[in-house]
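Each remark here refers to the structure printed beneath this line.
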Amino acid sequence: MKRLLVANRGEIAVRIIRAARDLGIETVAVHSAADADAAHVRLADAAVGIGPAPAARSYLLPDVIVDAARDAGADAVHPGYGFLSERASFAAAVTDAGLTFVGPDAEVIDRMGDKVRARRTAAAAGVPTVPGTQDGVADVSAAVAAAAEIGYPVMLKAAAGGGGRGIRVVADETELLAVLPTASGEAASAFGDGRMYLERFVRRARHVEVQVLGDGTDAVHLHERECSLQRRRQKVVEEATAPGLDATVRAAMTAAAVRLCHHVGYRNAGTCEFLVDDETGEFFFIEMNTRVQVEHPTTELVTGIDVVAEQLRIAAGEPLRFAQSDIAARGHAVEFRICAEDPDRGFLPTPGAVGRVALPAGPWVRCDTWLEPDTRVSPYYDSLLAKVVVWGEDRAGALRRARRALREFAVEGVATTAGLMTELLDEPWFAAGEFHTGTVEEWLARRNR
C-alpha cells in the first residue's frame, strides 16, 4: 500500500491521514465544494474535488469516489465511518476497480450489516442474541403474532438500519398496529429496505461493545467499551473499559465477539455490540459495525494499539501482529463527543462561522478534531466538532482529567455541547458509574423542566 484515498471528511479523515503518514503511506483527500479548504484537504498529499456540498451529490457517490482514486493514482481506499463505510456495493466497486478496500470483504459487510442476517449468523456461532424474530416480518399480522410470542414491550427495528436509527419501542398491540406501517415506510426511505424485525425490549440495559481485529484467519479482541450514555440512541460519552462490568460477563462477551469473527472469517477492524441486562446479568448480541468506530480512541488509549494503523496493515496483507495474551487494558479512558448543537434549544444544530478555537492539551489528553480558527461549521454534514478523550490510571483520575480538559475547550461563534458534558461530569450517578441506556434522556428531562 503506497497511496491511500480517504473517502470521508471531518475528524475521521484527519485521523486516517495521520495514521497513514505514520506508516509512510501517501494520502489523497476527497472533498465537496463546501470542504475545499478543510483541514483534511490541507493535510493530505493530494486532494480531489468530488461535487457540490450535499453529501448525496459528493461523499455518497461510489462511482465518483472510485474514479477519483484511480485518477489520483491511489491503490487503496479507506471509507472511515458513516457515508459509504458499510455499503457492501461500495467495497465491491473498490475491489472490482483493482484497488484495496480498507475493511472487510463485501460479502461480510453484507452479511453482518443486515441486522436479520447478522442475528442469524451470531446464533449459528453460538453467540447469544436478544429473543425476537429471526427474519423480517412480512406483514402486520406476522408482526402481531411475533410480538405476542416475544411479550410486550418490544423493540421494532429496521433490518437494514444502523446508528440507532429506525428503532421504536412499542408498548402494546394497539401501538404496534399504529406504528408499523410508518416505521416500515421510513426504513424504506432511509435505507432502501422496508423490512422490520422485532425483539425483546430490555428495560434496564447497558450498551457494551467489543473492539475486534481479524486477518481472515485469526482474530483478537481489544477489550470492551461502555456506550450506554446515549441521546436518541446516539452515543454521547464512551469509556474503555466498561465500569462495574462483572468479570465473568466480560470474559464471556469478549470471547463471543472473537468466536463470531472466526465464524465469518472476519478481516480488518470491527465492533460487536451487545446489550447487558442489568437485572439478570445476561448479555445479547445486537449488531456488528464493519468499520472503525467514532469511539475507537478510548480503546487505543488503554491498549496502546493504533486501531487505524492496524486496519491499514491488515488491508495491505499483513497478518495480526499480536496474540490475545499480548493485549492488556491499562487504566481508564473516556471520550466526550462535542457537537455544534445548542442543548438549551432542543439540541438545534448551530452551523456558522467559527472565530477563536481553544483545544485542550496536556498529559494524557487527546482531541480528535477538524476544527480550526476562522472556519465554518457546515449545515450539510454531521454536527460533530471534536472528540475530547482522556486517560487516567483509574476511572476517578480519568474523570478529574476530563473535567480539566472540557474546561479548556472553547469555540467562538457557535453553540456546542461542551458545557453539557461538564454538567454531566458533576452528576453523582455518572461518577458512580450507575447508568443504563435511558439515563441521559431521563437526566435531560429533569434538567430541562
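The values are calculated or read from the model by the stated rules, or taken from the named source; none is laboratory data. Source: prediction; values computed, not measured. Positions of Cβ are generated from backbone atoms using ideal geometry, with glycine treated the same way; all protein chains shown enter the neighbour counts.
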Please work out which one of (1) part of a helix (DSSP H, G or I); (2) farther than 15 Å from ALA418 by Cβ is the condition ASP344 fails and give its number. (2)
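A quick yes/no check of all residues on (1) at pLDDT below 95; (2) closer than 21 Å to THR290 by Cβ:
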{"position": "PRO52", "(1), (2)": "no, no"}
{"position": "ALA56", "(1), (2)": "no, no"}
{"position": "VAL64", "(1), (2)": "no, no"}
{"position": "LEU84", "(1), (2)": "no, yes"}
{"position": "ARG87", "(1), (2)": "no, yes"}
{"position": "ALA106", "(1), (2)": "no, yes"}
{"position": "VAL116", "(1), (2)": "yes, yes"}
So if I check each of ALA432, ALA410, which one is over 23 Å from the mean Cα position of the chain (by Cα), loosely packed, with under 15 Cβ neighbours inside 10 Å, farther than 30 Å from ASP37 by Cβ and not charged (D, E, K, R)? ALA432
Output for the range 18-34, where each listed residue is under 21 Å from PRO62 (Cβ atoms) and without any contact (Cβ under 8 Å) to a residue 40 or more places away in the chain: THR27, ALA29, VAL30, HIS31, ALA33
Quick test for you: out of GLY362, GLY419, pick the one residue that is touching a residue at least 24 places away in the same chain (Cβ under 8 Å) and part of a helix (DSSP H, G or I). GLY419
Top-ranked residue of the range 365-375 - restricted to ones that are touching a residue at least 60 places away in the same chain (Cβ under 8 Å) and not in a loop (DSSP other than H, G, I, E, B), ranked as farthest from ALA328 (Cα to Cα): THR369
Okay, strands (runs of 3 or more DSSP E) sitting entirely in the range 204-309 with 2 or more residues that are closer than 16 Å to GLY433 by Cα, I get 205-215, 219-231, 234-240, 267-277
Any residue at all in the range 52-61 that is among the charged types (D, E, K, R), under 27 Å from GLY317 (Cβ atoms) and surrounded by fewer than 24 Cβ atoms within 10 Å (Cβ to Cβ)? no
Which one of the conditions (1) among the hydroxyl-bearing types (Ser, Thr, Tyr); (2) touching a strand residue (DSSP E or B) at 6+ places or on another chain (Cβ under 9 Å); (3) touching a residue at least 12 places away in the same chain (Cβ under 8 Å) does THR95 fail to meet, given that it meets all the rest? (3)
Going through the range 1-25 one residue at a time, which ones are of a type outside the set (S, T, N, Q) and touching a Gly at 6+ places or on another chain (Cβ under 9 Å)? MET1, LYS2, ARG3, VAL6, ALA7, ARG9, GLY10, ILE12, ALA13, ARG15, ILE16
Residues in the range 146-161: is at least one among the aromatic types (Phe, Trp, Tyr) and farther than 30 Å from LEU312 by Cβ? yes
On the given criteria, is ASP75 within 25 Å of ILE167 (Cα to Cα), in contact (Cβ under 8 Å) with a residue 40 or more places away in the chain and surrounded by fewer than 22 Cβ atoms within 10 Å (Cβ to Cβ)? no
Residue within the range 345-361 that is in contact with a helix residue (DSSP H, G or I) (Cβ under 9 Å, 6 or more places away or on another chain), more than 30 Å from GLN134 (Cβ to Cβ), small (Gly, Ala, Ser) and surrounded by fewer than 19 Cβ atoms within 10 Å (Cβ to Cβ) present: yes
Of all residues in the range 78-98, which are of a type outside the set (Phe, Trp, Tyr), surrounded by fewer than 24 Cβ atoms within 10 Å (Cβ to Cβ) and out of contact with any helix residue (DSSP H, G or I) (no Cβ under 6 Å at 6 or more places or on another chain)? GLY82, SER85, ARG87, SER89, THR95, ASP96, GLY98
For the range 107-123, does any single residue satisfy the condition of being part of a loop (DSSP other than H, G, I, E, B), of a type outside the set (Gly, Ala, Ser), under 29 Å from THR254 (Cα atoms) and assigned by TED's automatic domain parsing to the domain that holds ALA20? no
Which residue is nearest to VAL116 (Cα to Cα), if the candidates are limited to the range 128-178 and must be part of a helix (DSSP H, G or I) and free of Cβ contacts under 8 Å to residues at least 24 places away in the same chain? ALA142
Subset of the range 253-286 (residues that are at pLDDT below 95, at negative phi and surrounded by fewer than 21 Cβ atoms within 10 Å (Cβ to Cβ)): ASP277, ASP278, GLU279, THR280, GLU282
Which one of ALA187, ALA124, ALA138, ALA146 is of a type in the set (Gly, Ala, Ser), out of contact with any helix residue (DSSP H, G or I) (no Cβ under 8 Å at 6 or more places or on another chain) and exposed (fewer than 15 other Cβ atoms within 10 Å of the Cβ)? ALA138
